[in-house]
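The values are calculated or read from the model by the stated rules, or taken from the named source; none is laboratory data. These figures come from a predicted structure and were not determined experimentally. Glycine also receives a Cβ, built like all others from the backbone with ideal geometry; neighbour counts cover every protein chain displayed. These accessible areas exclude ligands, DNA and RNA; they are computed on the full protein's heavy atoms, side chains included. Shrake-Rupley method; radii C 1.70, N 1.55, O 1.52, S 1.80 Å.
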Amino acid sequence: MSVAAARGGSSPCLGAAAAAASCSSAGSSYAAPAGGGAGVAGRLPVRVLEHIFSYLELSDLMRCSLVSWHWNNIIGDENSEVWRSLSSRTLSDEALRSDILCNLPTYKGKLKAFQHALSSHDCSRNVYVKKNGFTLHRNPIAQSTDGARGKIGFTEGRHAWEIWWEGPLGTVAVIGIATKRAAMQCQGYVALLGSDDQSWGWNLVDNNLLHNGEVNGNFPQCNNAPKYQIGERIRVILDMDDKTLAFERGFEFLGVAFRGLPKVCLFPAVSAVYGNTEVTMVYLGKPLDG
């Protein structure tokens, strides 16, 4: 069934399509019925509603999930045809077929990761985000340190994301967080993240923690801490409620790196110096305890 058929004059899907369009445009002013759905839409089979919903964009789906419990349950299946269809339209083939999103088991989770990926508009002019939507490529520019922020920052809750280098680290390779005011480019080869009071970073090259232009000790705090290996996924855990930033390597919790973070909007961030190196970041959502 095509979208045009769903909107046709005598189609039995007319009521569902009209209701979907109505809830999409009405926003919070839409009065949801107390029963299973809106008119004929509430009596349509699940597979028919899934087919209609599969043509909608994310913002429309979020509004439709508020119409009724019936619609919310259908949209709530994160691996349904609804989310598979939206993923295929939004995400690149490389992202879906490679192992970039291998730690995200649902299509909705993959879409959320794309929403939180490194920004192609909030970064140094010497870097760009590749077509897969998740990997940052640094151009071979001499005497420059270049960074990027995630598309979305956080003011509350607990959040986790993975970062890994897919090329040489060079003399400085920093992962961490930054406010909107933190610089994303500077001259020379320096630890850009952590160079001021607007960013906090862990330099994977020498295992130093950095903030406000100062070294805040080694990390992880153990004797002969192993150096980062290219391709190794580091999990970053930001807890805006406890105001802490922690890291994991593999399945090992490395500890809390920073405490007493300010109650401001903080973004995932990276900075790199090596020409043609690449860094990938994937947002995972709320971290699992234990």
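Students often get this wrong, so check it: of Lys112/Lys180; Lys108/Lys227; Lys130/Lys263; Lys131/Lys227, which have C-alpha atoms separated by over 28 Å? Distance filter (> 28 Å) returns Lys108/Lys227; Lys130/Lys263; Lys131/Lys227. Packing-based ranking of 71-83, 249-261 yields 71-83, 249-261, ordered from highest to lowest mean Cβ neighbour count within 10 Å. Computed with every protein chain present, the accessible area of Tyr189 is close to 100 Å² [probe 1.4 Å]. Quick one: grab the alpha carbon gyration tensor of the stretch 220-274, order the square roots of its eigenvalues as a ≥ b ≥ c, and give me rounded if a/c is under 1.5, else prolate or oblate depending on whether a/b is larger than b/c. Taking the square roots of the gyration eigenvalues as a ≥ b ≥ c, the stretch 220-274 is oblate.
Computed with a 1.4 Å probe over protein heavy atoms only, the accessible surface of the stretch 226-290 comes to 48 Å² per residue. With a cut-off of 13 Å between beta carbons, the residues surrounding Arg233 carry a summed charge of -4, where Lys and Arg count +1 and Asp and Glu -1. Would you give the gap between the C-alpha center of the stretch 162-223 and the C-alpha center of the stretch 270-285, rounded to a whole Å? One Cα centre to the other: 12 Å.
Taking the accessible area of the stretch 182-290, probe 1.4 Å, and keeping the other protein chains in place, the carbon and sulfur fraction comes to 46%. Once the 1.4 Å probe is applied to the protein heavy atoms, the stretch 116-157 comes out at 43 Å² accessible per residue.
Short-range pairs are left out: with C-alpha atoms under 8 Å and at least six residues apart, the relative contact order of the stretch 147-286 is 39 percent.
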